[in-house]
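Notes follow the structure.
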Amino acid sequence: MYAILRDRADANNAHHLQMGESLTFGRSYLKADVHVDDPLVSRNHCRVWLDEGGLHAQDLRSSNGSFVDGRQLDPESPFGLKPGMALQVGRRYFAVEVVKDDVFLKKSFRCAVCSRPISLETFAEGEVLQESPERFLCPSCRPRERVANKFGTKAGSDEDLPDFDALEESGGPPSIDDYEILCEIGRGRMGAIYKARKRSLGIEVAIKTLNADLAEVGEHVQRFHREARTEARLRHRNIVQVYDVGKVGTTHYIVMELVDGLSVHDYLIQRKTLKVPEALSVLHQVLAALEAAYACNIVHRDIKPQNIMLSRDGTTKLCDFGLAKDLGESYNLTARDIGMGTMAYMPPEQYLDAAAADTRADLYALGATVFHMLTGQPVFDSDDLSELVDLIFYAAPPLDRLPEDCPAELRLALDKMLEKEPDDRYQKPSEVRRDLETVFRRYLGQFYTG
């Protein structure tokens, strides 16, 4: 059996389940598989899973409850979902669709636009748009068809698509110079990231764009372009490289290296934790990236699992310098006494004043990230914001949750990286590497470059 939960507010936003899989809906970026940005939604709100008995939903003791067709779910017992029902999470509704396996196995599916065959694996990854029982769009044609439908043109035809301003307002993919947009690979509050091909060179890249509404705000535009300039200065194998930055019509964009892999965040969703050698490899390579940033007086200020990429060849790359600060600049876009970053990985001083954060704040965030990689949980976590702040400021990091095979040297290093006072932490990345050199050599062997 194969299940789909489709967002009623956006038919293109569908979440797919195969036999034995589950999805957690919630407000938490860290713990929820489906992020629902709604104050009525708890961090872990409800869970949906598919097993031999069918599709089920259960509330996870959320503050405001989960509902199916107006009926509140009991946290103590699963509720059977059937096609046509709607799961309510906060103010969002997800329509339930179920397709049996034999439908996929006995039929050959092709994209309605380009006629290329679509594999079952592509369906399982949630990249296929099913417009009707017989009409499917592959990942490449899906965004183009969405834009064409809005403006009355036919995808795949010779008709011109609408002008760029209309395209941006539609939420469709941009048209940028020498680049062919292949598909959308990510979207956040600030904008979207697309996989693209540079036609003249035949290479694939990633293109990051700024949302149209934010492009009207001078501060956001300055931050966006500063991010590009900052990353372009940092030419290092463990930092995602920036190739170009520009503006077409009303769209601001950054062209950057396309990493063939996934983020630590996505890896943790799949595997829950990293093994000690894996975590040490990530730590070693991110430290190298931070040393390069330190040499250029740059502070990242948002190190977290989502901003660390793991490529298939084993290279770790630090990305997203959108909140970075150049310590050498006299002009600062960050107002004083304003916190900025991600709470679960933010040191106390950055919560109080992001403008005062320096390299020691990055080392704290890296320590918090390594802790999460090894334990499967953030150092401090709570549904209550005031309680979370108290934990960050006053609670000792629960190092007893680290796995038994975690080396003593790494435990000591994490304890120092997670100190409350910046002066009590390591003062620069090279000091962490120095204390862990023996461990790196022991676990990474020939891959340790010193």
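Some observations on this one:
- Pairs with Cβ under 8 Å, 6+ apart, first in the stretch 340-362 and at positive phi, second modelled with pLDDT under 85 and aromatic (Phe, Trp, Tyr): Gly341/Tyr351
- Any hit, the stretch 221-240, residues being in contact (Cβ under 8 Å) with a residue 24 or more places away in the chain, hydroxyl-bearing (Ser, Thr, Tyr) and over 21 Å from Leu287 (Cβ atoms): no
- Taking the stretch 226-244 as the range and being in a strand (DSSP E or B), within 22 Å of the chain's Cα centre (by Cα) and not aromatic (Phe, Trp, Tyr) as the test, the residues that pass are Ile239, Val242.
- Test for Glu180: is it under 30 Å from Leu23 (Cβ atoms) and at pLDDT 80 or above: no
- Residue check, Arg401 exposed (fewer than 14 other Cβ atoms within 10 Å of the Cβ) and under 28 Å from the mean Cα position of the chain (by Cα): yes
- Residue in the stretch 35-92 that is most open to solvent (accessible area, probe 1.4 Å), counting only those that are of a type in the set (D, E, K, R) and more than 25 Å from the chain's Cα centre (by Cα): Glu52
- Residue within the stretch 376-396 that is within 24 Å of Ile269 (Cβ to Cβ), open to solvent by less than 60 Å² (accessible area, probe 1.4 Å), free of Cβ contacts under 8 Å to residues at least 12 places away in the same chain and not polar (S, T, N, Q) present: yes
- Any hit, the stretch 360-372, residues being assigned to a loop (DSSP other than H, G, I, E, B) and buried (at least 19 other Cβ atoms within 10 Å of the Cβ): no
- Screening Tyr426 against (1) open to solvent by 70 Å² or more (accessible area, probe 1.4 Å); (2) modelled with pLDDT of 95 or more leaves a single unmet condition, (1).
- Count of residues meeting criterion [surrounded by 17 or more Cβ atoms within 10 Å (Cβ to Cβ) and either touching a residue at least 40 places away in the same chain (Cβ under 8 Å) or under 15 Å from Leu318 (Cβ atoms) (or both)] in the stretch 242-255: 6
- Among residues of the stretch 424-437, those that are among the acidic types (Asp, Glu) and either in contact (Cβ under 8 Å) with a residue 60 or more places away in the chain or touching a strand residue (DSSP E or B) at 6+ places or on another chain (Cβ under 7 Å) (or both), counted: 0
- The set of residues from the stretch 392-450 being part of a loop (DSSP other than H, G, I, E, B), farther than 24 Å from Asp353 by Cβ and among the aliphatic types (A, V, I, L, M) comprises Leu402, Leu436.
- Annotation note: of Leu274, Leu283, the sole residue that is open to solvent by less than 20 Å² (accessible area, probe 1.4 Å), part of a loop (DSSP other than H, G, I, E, B) and at pLDDT 90 or above is Leu274.
- Selection status of Leu258, touching a helix residue (DSSP H, G or I) at 6+ places or on another chain (Cβ under 8 Å) and surrounded by 15 or more Cβ atoms within 10 Å (Cβ to Cβ): no
- Matching entry among Glu219, Glu231 (being open to solvent by 50 Å² or more (accessible area, probe 1.4 Å) and either out of contact with any His (no Cβ under 8 Å at 6 or more places or on another chain) or within 24 Å of Met343 (Cα to Cα) (or both)): Glu219
The values are calculated or read from the model by the stated rules, or taken from the named source; none is laboratory data. Quick caveat, the model's predicted, so the values are computed rather than measured. Here Cβ is always computed from backbone atoms with ideal geometry, including for glycine, and neighbour counts include all displayed protein chains. Note: accessible area is taken over every heavy atom of the protein model, side chains too, but ligands, DNA and RNA are not part of it. Shrake-Rupley method; radii C 1.70, N 1.55, O 1.52, S 1.80 Å.
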